[in-house]
Amino acid sequence: MQRSEAPATAAPLPPNEADRLAALHRYGILDTPADPRFDRIVALAARLLDMPIALVSLIDAERQWFKAARGLDVPETPREISFCTHAVADGAMLEVSDALQDKRFVNNPLVTGDPGIRFYAGAPLLDEAGHALGTLCVIDRKPRHLNEEQRALLSDLAGMARDAMQLHRALIEAERAKAEAEYANRAKTNFLAFMSHELRTPLNAVIGFGELMEAEPFGSLGSPRYKHYAGMIVEGGRHLLEVINAILDLTRIETGKFTLQRETMAVGEEVAVVAGLVRVQADAGKVALKLDAGAVGVLPTISADRSAIRQILLNLIGNAVKFTPPGGQVSITGDIWGGKLRLIIADTGAGIAPEDLRRLGEPFFQAGPVMARRAEGSGLGLAITRQLVTLHGGNLEIQSELGKGTTVMVSLPLG
Ligand code: ADP
């Protein structure tokens, strides 16, 4: 219907209509399903003011849409014939005692036809900027008048409806922020996975040809210095490959693409295998590696992913040896604790400061001053280890004292 043809009931537009509409749409509340918070408010309004009809009406561009309705079965009506539009235009409470006596409403189809409105009172729902987004209104089919107390009550209930709207908006915004954060995180993970994969191929070529050059007979490269350089290329390349593989592992776990290949296994045997591997490094660093074979060897079998368990052990025992200075000791034992199988790896090494301990396991986090960080580390091992332990339904606990040593406990479910 054109504005010129609008019935006498049409209310003027509020002066800030575009802003008001934008504010209303930001609530994301139009056309949402029924919400008991609003239903309770209209039920209260109808009961306390003894009215057959009570509505939470929101004034959209072309319609009034009811967020909650008591005593009325339609979801919306055209804006032009809406009483609430008048309250919204004024931003103030509107009371019409007898619509038949008011020339703005006497010809209104809601008066002349269904639902046969005679009495109307609507309190505006004002947002923080003062925009009237709609009303809480009560309607009767006979002429009436509200006393001061009843007007105050209607106004208070409108305040409650406004609070419910704000809560709705806050929930929507929180959900949107969460979805955006999850999207960004997924994009980051996918990017890392893609990059890591693409980097591996050329890197393998660098390492492979570096190894070939390193293996050349002494002097055939023109200068002995080049053999040393080739060795450095290989060493740097291998470290980079390790970091890339760790990133790939972590992204695979984070995207849920990593599934455990469970089998029944004796953890004690895996501990012995990994201790054997790390012993070379321990001997070179003059660290005593003590495996309590009596305790670890008799641990019951569990259902777990063998290569994941090896990765966990290699990281934890490897770290213990790596961060323990010559003359120190790393001991490994195990027991059954709290209904779980527990492995305990204790070292007499550098230890970790309490503020670093809290951040341990964050990807790329390395404890201590930057200069002291080991070139061979990436700060990804513990993040992966923690995830692998969690995937097994277990948990990882780290206790440490700076200068005294670190104890790491891995618990894994039995059976
Ligand atoms: P990195 O590749 O650097 O070893 P990790 O994720 O395995 O990465 O470990 C993260 C950091 O945690 C290490 O850089 C180190 O600062 C600290 N850390 C881990 N294990 C120990 C330990 N046994 N003793 C002291 N510090 C440790």
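Coordinate-derived values only; no laboratory data. Bear in mind the structure is a predicted one, so any value in this text is a computation, not a measurement. Please note: Cβ atoms are built from the backbone with ideal geometry, for glycine as well, and neighbour counts cover all protein chains shown.
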What is the distance, in nm, between label points placed 7 Å from the Cα along the Cα-to-Cβ direction at residue 239 and at residue 212?
2.5 nm
Averaging over all projection directions, find the projected area of the Cα convex hull of the stretch 123-237 and quote it in nm² with one decimal place.
13.8 nm²
What Kirkwood hydrodynamic radius, in Å, does the stretch 44-86 give when the mean of 1/r is taken over all pairs of distinct Cα atoms and then inverted?
10.7 Å
Highest GNM mean-square fluctuation among 74, 274, 321, for the chain with Cα springs under 10 Å, belongs to 74
With θ set to phi - 60° and the Karplus curve 6.51 cos²θ - 1.76 cosθ + 1.60, what are the ³J(HN,Hα) couplings of the stretch 226-239 in order, to the nearest whole Hz, using x for Gly and Pro?
5, 5, 5, 4, 4, x, 5, 4, 4, 5, x, x, 5, 5
Projected area of the stretch 81-160, taken from the Cα convex hull and averaged over every viewing direction, in nm²?
5.1 nm²
Just need log10 I(q)/I(0) for the stretch 259-321 at q = 0.18, 0.24, 0.28 Å⁻¹, Debye formula, equal scatterers on the alpha-carbon atoms, no solvent, rounded to two decimals.
-0.65, -1.01, -1.20
Distance check, please: which entries in 322/404; 178/257; 340/404; 103/142; 290/404 exceed 24 angstrom between their Cα atoms?
340/404
Using the Cα centre as the reference, give the magnitude of the dipole from point charges on the C-beta atoms of the stretch 300-415 (Lys, Arg: +1; Asp, Glu: -1; all else neutral), rounded to the nearest 20 debye.
160 debye
Using a Förster distance of 51 Å, how high is the FRET efficiency between residue 303 and residue 156, based on the Cβ-Cβ distance and rounded to 0.05?
0.25
Could you tell me how far the Cα centroid of the stretch 244-267 sits from the Cα centroid of the stretch 335-363, in Å?
21 Å
Share of alpha-carbon pairs per 5 Å distance bin for the stretch 67-203, given as whole %
2, 9, 14, 16, 14, 9, 6, 4, 4, 4, 4, 4, 3, 3, 2, 1, 1, 0
Reduced Cα scattering model of the stretch 115-191, Debye log10 I(q)/I(0), q = 0.13, 0.15, 0.18, 0.23 Å⁻¹:
-0.58, -0.67, -0.81, -1.02
Quick calc, the chain, dipole around Cα centre from Cβ unit charges on Lys, Arg (+) and Asp, Glu (-), nearest 20 debye, gives 780 debye
Taking the beta-carbon count within 10 Å as an exposure proxy, list 303, 411 from fewest neighbours to most.
303, 411
Rounded to one decimal in nm, the spacing of the 7 Å Cα→Cβ label points at residue 90 and residue 25 is 2.9 nm
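For the stretch 280-415, what is the relative contact order in percent, using Cα pairs closer than 8 Å and at least 6 residues apart in sequence?
28 percent
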Per-residue ³J(HN,Hα) for the stretch 108-122, Karplus 6.51 cos²θ - 1.76 cosθ + 1.60, θ = phi - 60°, Hz, x for Gly and Pro:
5, x, 6, 9, 6, x, 5, x, x, 5, 10, 10, 9, 9, x
Given C-alpha coordinates of the stretch 1-160, what is the ratio Rg to Rh with the Kirkwood estimate of Rh?
0.93
Points 7 angstrom from Cα along the Cβ direction at residue 288 and residue 47: gap in nanometres?
7.8 nm
Is the shape of the stretch 207-325 rounded, prolate or oblate, going by the alpha carbon gyration tensor and its root eigenvalues a ≥ b ≥ c, with a/c under 1.5 for rounded and a/b larger than b/c for prolate?
oblate
Phi-derived 3J(HN,Hα) across the stretch 62-72 with the Karplus relation (6.51, -1.76, 1.60, θ = phi - 60°), rounded Hz, x for Gly and Pro, is 10, 8, 9, 10, 8, 6, 8, 9, 10, x, 9
Would you mind telling me which residue in 13, 241, 203 has the biggest mean-square fluctuation in a Gaussian network model of the chain, where springs connect alpha carbons within a distance under 10 angstrom?
13
Have a look at 405, 361, 338 and tell me which one the Gaussian network model of the chain (Cα, springs below 10 Å) gives the largest fluctuation.
338
Would you grab the residues whose amide H sits under 5 Å from the one on residue 82? Only those 5+ places off in sequence or on another chain, please, with H modelled 1.01 Å from N.
none
Rounded to the angstrom and largest first, Cα extents along the principal axes for the chain equal 109, 57, 39
Cβ-based exposure ranking for 19, 102, in which fewest neighbours within 10 Å come first
19, 102
Cα-based helix-to-principal-axis angle, 36-48 vs the chain, degrees rounded to 10:
30 degrees
Given all pairs of different Cα atoms, what value in angstroms does the Kirkwood hydrodynamic radius of the stretch 61-126 take?
12.4 Å
For the stretch 258-415, the Rg and Dmax computed from alpha carbons only, in angstrom
14.9, 45
